[in-house]
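Just below is one structure, and these are the notes that go with it.
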Amino acid sequence: MKTVRVVAAVIRDGDKIFATQRGYGEYKDGWEFPGGKIEEGETPEEALKREILEELDTEITVGNLIKTIKYDYPTFHLSMDCFWATVKSGHLELKEAEAARWLSREELDEVEWLPADLELVDKIREGL
């Protein structure tokens, strides 16, 4: 099975985190933490900064690694490095996502998370 390496940003503002709703592909409408694939020669942190700039027109400061999620989807194995992040500049403008929400600890269960991202939610709840 093919392994896909991606990064995800848990963008935090005080006690809320930013989540996006996928606007395309097989997992359209599922909620996730924004990010994307690591390109050859990039560090996970570099990939995350690039992806957030591309997807949300926003510069972020990448913080600590929260967890690396390993998840088997039906057609591929996902390895996702998830980092805390904060907005450095920009307005989190949705270029690819269908919708977005700032979620408090109590609201984390109000959206339909994609399976791999769901594994991260409990870990984030501890950190908020």
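The values are calculated or read from the model by the stated rules, or taken from the named source; none is laboratory data. This is a predicted model, so every value here is computed, not measured. Positions of Cβ are generated from backbone atoms using ideal geometry, with glycine treated the same way; all protein chains shown enter the neighbour counts.
Just to be sure, is GLU51 of a type outside the set (Val, Ile, Thr), touching a Gly at 6+ places or on another chain (Cβ under 6 Å) and either at pLDDT below 95 or within 26 Å of ARG125 (Cα to Cα) (or both)?
Against the criterion (of a type outside the set (Val, Ile, Thr), touching a Gly at 6+ places or on another chain (Cβ under 6 Å) and either at pLDDT below 95 or within 26 Å of ARG125 (Cα to Cα) (or both)), GLU51 qualifies.
Does LYS123 satisfy the criteria of being of a type in the set (Lys, Arg), exposed (fewer than 14 other Cβ atoms within 10 Å of the Cβ) and out of contact with any Lys or Arg (no Cβ under 7 Å at 6 or more places or on another chain)?
When the stated conditions are applied, LYS123 does not pass them.
Among the residues of segment 54-68, write down those that are in contact (Cβ under 8 Å) with a residue 24 or more places away in the chain, out of contact with any Gly (no Cβ under 8 Å at 6 or more places or on another chain) and over 17 Å from SER89 (Cβ atoms).
Matches in segment 54-68: LYS67 only.
Only one of GLU26, GLU59 is assigned to a strand (DSSP E or B), acidic (Asp, Glu) and surrounded by fewer than 17 Cβ atoms within 10 Å (Cβ to Cβ). Can you tell me which?
GLU59
Test each condition in (1) charged (D, E, K, R); (2) surrounded by fewer than 20 Cβ atoms within 10 Å (Cβ to Cβ); (3) touching a helix residue (DSSP H, G or I) at 6+ places or on another chain (Cβ under 9 Å) for GLU32 and report the one that comes out false.
(2)
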